[in-house]
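Right, one structure below, let's go through it.
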Ligand SMILES: Nc1ncnc2c1ncn2[C@@H]1O[C@H](COP(=O)(O)OP(=O)(O)OP(=O)(O)O)[C@@H](O)[C@H]1O
Ligand SMILES: [Mg+2]
C-alpha cells in the first residue's frame, strides 16, 4: 500500500481502517469533520471533529445549553453543519435510531402502536404483523408488556420514556443516538435500563453496534461507556476525550472499583475547570 | 357518574325555579300577553307546525355547517402546503369574515331565491371562518420533535400529514366545530328573515308583524334548542374522537 502518514486525512482513512494493527473495534461508525453550527448570530458548535467507532459506547458530557442536543441533530441530518463541516457514515447498512430528550409519543396511539410507528413509515416498511411482533419484543425489553394497549396519558413519565426507548430499539438501529434517555427516570429503573441497554448493545443478536449517549450524570457516563466526550461551554467544541479503563462487559458493582472512582474524579476535575 | 347526574340537576333546578317565578310574576302583575307571555301561554301555542319549522331551520343550518366545515378544512390543508396560496387567499377570507352576514343575506336571496339554498349558503358563510382559522392553526401545531421523529425515520409528506398533522389538528378542529354550531343556526335564521316561507326565522318575523308574542317566544326557544342539540352532538363526538384530551367545557 502506498498510504503515507500525510494521506491519513481524507479518503484514505476508510481504507486505512482495514489494515495492520487496527482491530475490528476501530472500524469507524461515524466521523464528524470540522463541524460548526450557528443559529443566526449565535454560534453553538465550534469546529467539532470526532471519530466514533463500531462496537463502541460513547457518552457526551457538557454544561447545559452547550449544544449536545444540537450535535445529535447534526448526526441525524436534521440540521446541516456550516460550510466546511462534514458528517460521514462509512457503513452501507446504516440504520439510525434516536431517543429524544422528551418521549415524543403520539397521544392517539397506544404504547404498542407508538413503538410500531417507525416500522410503518418511510422506506423500511414491515407488514403490520411483523411490525407488531417487533414492537412486542421491544416492549418486553423495557418491561412494559402489560401496558401494551395503554395510551400515553395513562402512563407515568418514566414509562413514557421507556416506550420511547423501545420505539428506537424496535427499528433495529445499528447506530443509536440518545439524548439524556434516562434523565426522567427514578434510580431503580434507571440502573435497570442502564444494564439492559448495555446487554442489548453487547448482544450479537441485535444489530446495534454503536451507541452515542448524551447524559448529565458523570457516574452513568463512566459506568456505561468506553469513552467520555467532554464538551466545552458554548460555542462548544470537544474539550477532551477520556477513555474509561473498566473491563467489559460492565457488571453491577463496578461502581466500587478504583478505576471507576478514578475516572469519575478525573471527569469532575474537568467539569470544574470548564 | 353520580356527580355528573347531580351536576345536571343544578341547571334543571334553577330553570324550573326561574319558570315558576316567571309564571307567577306574569299572573300576579297582570302583564299583557303581547309584552310577556307566561310559560303556560307559550306551551299552549306549541303545535306540530313548530316542529316542522324547526326541522327546516335545523336542516338548513346542518347542511351549511357540514359543507362549510369540509370546505374550510380542505382550504386549510391547501394553505399549510402552499405558502403563496395562504398569503394570497387568507386576507380575502378575512375580508369576507368582516363583511356582516346581515348585509349579504339580501343579496343571497336575490341570487338564489327564497328557498333552501340561500339559507344554506348564509349558514356556510358564517361557519367557514372559524374552521379555516382553527384548522390552519391546528395543522401547524405539531411538536418540533415529533416532526424530527418522522424525518429521522424518513416519513413521507403524506405520512406526516395523515399520521401526525391531521391527528394533531383534531382538538383545534373540534373547538371550531363547537363555535360554529350556534353560528350555523344564526346564518339560517338571518337567511329566513330576508325571504322565506318556512323555518323559525320566518315564524319569528311573521309573529312579530301580528304581535303574536307567545308564538314568537316558542320560535325563539326552538331556535335555542336547535343550537343546543347541534352543540351536544358535536361534544359527544369530540369526547369519542379526542379521547386523549380532557375537555372540561360542557
Ligand atoms: N432551533 C434553534 N434556534 C435557535 N437557537 C437554538 C435552537 N436550538 C438550540 N438553540 C440554542 O443552541 C444552544 C444549544 O442548545 P442544545 O439544545 O443543543 O443544548 P444542550 O447541550 O442539549 O442543553 P441541555 O443539556 O440543557 O439539553 C442553546 O443556547 C439554544 O438556545
Ligand atoms: Mg439537550
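We did not get these values from a lab; they are worked out from the coordinates using the rules stated. All values reported here derive from a predicted model rather than from experimental measurement. Cβ coordinates were reconstructed from backbone atoms using ideal geometry, including for glycine residues, and neighbour counts include every protein chain displayed.
The convex hull drawn around the Cα atoms of region A:162-259, when projected onto a plane and averaged over every direction, covers 7.0 nm². With contacts taken as Cα pairs under 8 Å and at least 6 residues apart, region B:37-241 reaches a relative contact order of 32 percent. Equivalent-ellipsoid semi-axes for chain A (Cα gyration tensor, √(5λ), whole Å, largest first): 30, 23, 20. Pairwise Cα distances in region B:37-241 exceed 30 Å for 33 percent of all pairs. Springs join every pair of Cα atoms under 10 Å in this Gaussian network model of chain B, and among B:20, B:77, B:179 the largest mean-square fluctuation is at B:20.
Taking 7 Å steps out from each Cα toward its Cβ at residue B:99 and residue B:162 produces label points 3.8 nm apart. What's the exposure ranking of A:35, B:127, going from fewest to most Cβ atoms within 10 Å? Going from sparsest to densest Cβ surroundings: A:35, B:127.
Peptide packing for B:99-106, B:136-143 was compared via the average number of neighbouring C-beta atoms within 10 Å per residue; ordered from the highest value, the list is B:136-143, B:99-106.
Taking a cut-off of 24 Å, what percent of all Cα-Cα pairs in region B:1-139 are separated by more than that? Roughly 59 percent, rounded to a whole number.
Put simply, the convex hull of the Cα atoms in region B:135-250 casts, on average, a shadow of 9.7 nm². Ordered by the number of other Cβ atoms lying within 10 Å of each residue's own Cβ, fewest first, B:117, A:156 fall into the sequence A:156, B:117.
Counts of other chain beta carbons within 10 angstrom of each beta carbon in peptide A:96-109 average 4.
Which residue fluctuates the most in chain B, going by a Gaussian network model with Cα springs under 10 Å, if the choices are B:67, B:128, B:161? Evaluated over chain B, the most mobile residue of the options is B:161. Other protein chain C-beta atoms within 10 Å of residue C-beta, averaged over A:110-123: 3.
The angle separating the long axis of helix B:213-241 from the principal Cα axis of greatest extent in chain B is about 30 degrees. Counted by neighbouring Cβ atoms within 10 Å, the residues A:205, A:255, B:192 run from fewest to most as A:205, A:255, B:192.
Remark: spin-label model distance residue B:237-residue A:227 equals 5.9 nm, labels positioned 7 Å along the Cα→Cβ axis. Using a simple spin-label model with pseudo-atoms 7 Å out from Cα toward Cβ, residue A:268 and residue B:114 lie 9.2 nm apart. Treating the Cα atoms of region A:60-120 as identical point scatterers in vacuum, please give the log10 of the normalised Debye intensity I(q)/I(0) at q = 0.15 Å⁻¹, two decimals. For region A:60-120, the Cα-only Debye profile gives -0.68. Out of B:89, B:43, B:12, any idea which swings most in a Gaussian network model of chain B, alpha carbons joined below 10 Å? Top of the fluctuation ranking is B:12. Size check on region B:148-188: the Cα extents along the three principal axes, sorted descending, read 48, 14, 9 Å. Only Cα pairs under 8 Å and 6+ residues apart enter the sum, and on that basis the relative contact order of region A:25-136 stands at 24 percent.
Residue by residue along A:77-88, Cβ atoms of other protein chains within 10 Å of the local Cβ number 1 on average. Rounded to the nearest 0.05, the FRET efficiency derived from the C-beta distance between residue B:14 and residue B:78 at R0 = 35 Å is 0.15.
Under a no-solvent Debye model with one identical scatterer per Cα of the protein assembly as shown, what's log10 I(q)/I(0) at q = 0.07, 0.09, 0.13 Å⁻¹? The computed values of log10 I(q)/I(0) come out as -0.60, -0.80, -1.24.
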